[in-house]
1. Quick check on my filter: what residues within segment 695-725 are within 16 Å of residue 649 (Cα to Cα), open to solvent by 80 Å² or more (accessible area, probe 1.4 Å) and in contact (Cβ under 8 Å) with a residue 40 or more places away in the chain?
2. Between a first residue in segment 446-457 that is over 10 Å from residue 469 (Cα atoms) and outside any loop (DSSP other than H, G, I, E, B) and a second residue that is aromatic (Phe, Trp, Tyr) and modelled with pLDDT of 85 or more, which pairs have beta carbons less than 9 Å apart while being 6 or more apart in sequence or on different chains?
3. Go through the residues of segment 93-109 one by one and say whether even a single one is open to solvent by 10 Å² or more (accessible area, probe 1.4 Å), under 17 Å from residue 37 (Cα atoms) and at pLDDT 90 or above.
4. Does residue 126 satisfy the condition of being part of a helix (DSSP H, G or I) and touching a residue at least 12 places away in the same chain (Cβ under 8 Å)?
5. Filter segment 639-661 down to the residues that are closer than 14 Å to residue 616 by Cβ and open to solvent by less than 40 Å² (accessible area, probe 1.4 Å) and list them by number.
6. Does residue 395 meet the test of being small (Gly, Ala, Ser) and over 15 Å from residue 152 (Cα atoms)?
7. Please determine, by comparing only the residues of segment 398-413 that are open to solvent by less than 10 Å² (accessible area, probe 1.4 Å) and more than 23 Å from residue 338 (Cα to Cα), which one is modelled with the highest pLDDT.
8. When you scan segment 462-473, do you find a residue that is among the β-branched types (Val, Ile, Thr) and either closer than 23 Å to residue 661 by Cα or part of a helix (DSSP H, G or I) (or both), even just one?
Amino acid sequence: MMRGFAILLLLLVCSVNAHAMLRPKSKEEDKLIKKAQKYLNAYEFSKAEETFRKAIAINPTSFEANFQFGLYFTEVWADHEKALPFLQKATTCHGRDTVYELYYQLGTSYQRLGDYENAKKYYSVFKRGLKKDKNGDALAQVLVTKQKQCDFAATYEYKAFSGKAINLGPSINSTSAEYCAAFFASDSSILYTRRSENNMGEFSWDYQYHEDVYLAKGWGKKWSNLKPLQQSEKYKPFSNSDYHDAIVGNSITNDTVFLYKKNKLWYSTLKGDVWSEPVMLPKDINFGKHQRHACYAANAKTIIFSSDAKGGKGGFDLYSISKDANGNWNSPQNLGDKVNTTANEDSPYVTADGSRLYFSSKGHPGFGEYDIYYCYKENDGSWSKPVNVGEPFNSPGDDIYFQMSERDNGRIFFSSSRPGGYGNMDIYTFDESIEPIFGNCTEAESEKYVRIISVDTVDLGEEAVFEIKTKELDFSHYFWKVRGGDPDPVQGNEYLHAFTKEGNYTLEVEAIGEDEGGRYNFCVSKKITVYDRHFRDSLYAANKIAAEKKAKEDALAALNKNNNSNTNGNKSSNVSGNKNGSHKTNPDFPLGVGMDELEKVDVGMALENIYFDFDSQNVNAEAKARMEKNLEILRTNADVYVTIAGHTDSKGSNDYNRRLAERRAKATRAYLIKNGIDASRIVQVSSEGEEKPIEENILSNGNDNPDGRAKNRRVEFTVYRKRTA
């Protein structure tokens with residue numbers, strides 16, 4: 001008989017009304033499906049999967065092949081995402097009547113993937129096919145619970161913790177199941193349970209290998225020296241066997257470990273640097289068929305544990321047991337109806353002060369499967385009504401084995417079969433919300449580790465991207481803030497922001513990391529200039545047109561005046577109203593002398609190029625020194641005009657470089673005007689972008705050429721005089 005889902009199918013089929021007349025199978029298809037089932041019973045999963053695929057290749061519309069292949073993914077690998085296409089395909093492969101048990105599986109898969117509306121829809125379809133008998137009534141109650149879970153998950157907003165769940169990564173987690181981590185802060189190591197092909201035992205009844213305990217050392221996501229306990233000299237007393245060997249937890253003081261062996265609870269104590277051989281806890285605790293989990297309740301005189309002993313509320317219940325004054329264990333006490341339900345309660349953890357109990361349950365309102373809850377200690381010593389801790393701890397999958405390392409700043413580990421993990425069940429830690437302090441963000445010391453990579457000037461209203469570059473240290477959090485801008489910090493590896501007002505701003509970022517020595521943070525800042533490019537361009541264009549029009553009108557008026565004077569026999573004269581007879585120019589915008597009126601001056605009048613820092617349009621100290629020479633030439637030769645052309649290297653997009661080159665040219669024009677050069681003498685400002693390099697940006701061998709790129713980041717001047725007659 002197929003274990004696992006074969007048993008489930010038998011219950012389902014016996015509890016629903018007569019289902020569809022399935023399309024007849026060919027002999028070859030039928031043979032392959034039976035062969036795949038045999039491989040499953042022999043735990044030869046790769047062969048079973050290959051054989052199921054062959055059966056579907058022969059008949060893609062086979063109901064049984066698609067249905068059983070979908071169940072293979074859910075029951076063997078707990079992979080509902082892979083199962084869903086085959087279960088959905090099966091809905092199109094049966095006769096006119098409904099195959100109700102299929103819709104139960106579809107509802108389950110959609111619920112586990114967090115699609116609660118589709119889950120409820122398929123549960124409702126399944127419910128219509130239930131028989132009116134004992135099994136049918138039992139399944140109807142299961143459906144009520146599942147539909148309540150869907151409603152709960154879609155509406156529950158309370159969060160006992162603010163932060164996010166972090167998967168410990170592929171160095172700990174795998175396609176197998178990993179769970180129940182006990183952390184030892186003294187040597188930054190964890191013991192945890194794994195069910196993989198490298199374990200000592202063979203397969204258990206649930207298609208997974210027997211449990212073994214593993215050891216890893218590290219911090220955060222950096223875990224190393226992964227090994228089963230039999231390879232560790234320090235933890236060798238816990239050595240694994242051919243049957244279930246699981247870590248259950250450790251004491252607050254890290255000197256006692258609880259283990260699960262032979263369906264019972266065991267413990268080991270640390271003396272000096274040596275762990276004792278595990279000893280089974282007394283029958284006062286191990287009084288049921290299975291005892292799966294235990295923890296101390298504030299001290300070594302009270303233990304809370306889970307047991308499926310007869311006389312409980314149903315499934316696994318939580319019990320408390322204490323020692324009397326002589327050190328003997330009293331009778332165990334069921335934690336009562338507030339905590340225990342007819343479903344399973346398991347994996348207790350009590351905080352160091354004894355005031356709060358965490359545990360997992362399938363019976364209290366939750367997101368689905370096991371959820372994590374907490375209770376407060378009442379004045380009479382009982383526990384309060386449980387509270388679901390909410391996201392990010394709870395999900396549509398199993399969320400269980402909550403452990404808090406209170407000697408390690410309250411670091412939390414838990415286990416989950418939620419979507420997005422590496423396998424059947426993974427170990428997660430919890431990353432609490434960390435608030436930045438934005439201390440002294442101008443210290444040069446910080447820039448040794450963190451720098452902001454961005455442009456210095458951005459266009460008003462256009463979204464700019466700011467990024468972080470780090471070295472030497474690892475950081476887990478980045479918080480961004482515009483001083484005087486965003487009211488709240490924004491978290492992320494990069495920062496996208498569109499400024500709504502022109503002006504000068506200070507952008508700050510705080511980077512936070514953590515290692516064995518504790519938490520560290522560095523804050524850096526950068527000056528950002530924001531301007532309205534479109535407004536200034538349009539204003540410049542409007543003033544230029546107005547200036548050109550005014551110049552033509554003045555010239556025409558002067559010509560007419562001269563003509564009238566000549567007609568009257570008088571000498572010609574200027575009529576501008578100024579003493580020198582000249583016309584007053586606009587100091588900010590050129591009069592628009594036409595290029596056809598000008599001719600280039602020989603090279604003896606050449607102005608020096610100026611060069612810019614990478615991704616910058618600021619006129620730096622070196623450029624200012626060159627500009628002083630250029631200014632001297634322009635002041636000495638008041639009859640010359642110039643054009644300004646901006647250039648960039650090849651880093652960045654063509655469009656970005658065109659705009660950067662334009663900003664460089666305009667910044668240079670502004671510098672000339674600021675230092676006494678009349679705007680009318682700057683007859684053209686243009687952008688060449690990256691199109692006209694004077695050196696190679698990339699060498700012929702493909703290597704970067706930083707010296708060449710530095711020479712390409714430039715502004716060039718061309719000098720003109722008015723043409724002579």
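The values are calculated or read from the model by the stated rules, or taken from the named source; none is laboratory data. Just so you know, these numbers come straight off a predicted model, no measurement behind them. Neighbour counts are summed over all protein chains in view; Cβ atoms, including those assigned to glycine, are modelled from backbone coordinates with ideal geometry. Note: areas computed on protein heavy atoms with side chains; ligands, DNA, RNA excluded. Shrake-Rupley method; radii C 1.70, N 1.55, O 1.52, S 1.80 Å.
1. 698, 711
2. Close Cβ pairs (under 9 Å, with a partner that is aromatic (Phe, Trp, Tyr) and modelled with pLDDT of 85 or more) amount to 446/522; 448/522.
3. Scanning segment 93-109 turns up no residue that is open to solvent by 10 Å² or more (accessible area, probe 1.4 Å), under 17 Å from residue 37 (Cα atoms) and at pLDDT 90 or above.
4. Values: part of a helix (DSSP H, G or I): yes; touching a residue at least 12 places away in the same chain (Cβ under 8 Å): yes.
Yes; evaluated as a whole, the condition is true for this residue.
5. As a first pass, look at segment 639-661 and keep what is closer than 14 Å to residue 616 by Cβ: 646-649, 651-652, 656-657, 659-661.
Answer for segment 639-661, where residues must be closer than 14 Å to residue 616 by Cβ and open to solvent by less than 40 Å² (accessible area, probe 1.4 Å): 646, 647, 648, 649, 657, 660, 661.
6. Details: small (Gly, Ala, Ser): yes; over 15 Å from residue 152 (Cα atoms): no.
In short, no.
7. Residues of segment 398-413 open to solvent by less than 10 Å² (accessible area, probe 1.4 Å): 399-400, 402, 412-413.
From the residues that got through so far, the ones that are more than 23 Å from residue 338 (Cα to Cα) too are 412-413.
Working: 412: 90, 413: 93.
If we take residues in segment 398-413 being open to solvent by less than 10 Å² (accessible area, probe 1.4 Å) and more than 23 Å from residue 338 (Cα to Cα), then 413 is modelled with the highest pLDDT.
8. In the first step, residues of segment 462-473 are kept if they are among the β-branched types (Val, Ile, Thr); the result is 465, 468, 470.
Next cut, either closer than 23 Å to residue 661 by Cα or part of a helix (DSSP H, G or I) (or both) only: 465.
The answer is yes, given that some residue of segment 462-473 is among the β-branched types (Val, Ile, Thr) and either closer than 23 Å to residue 661 by Cα or part of a helix (DSSP H, G or I) (or both).
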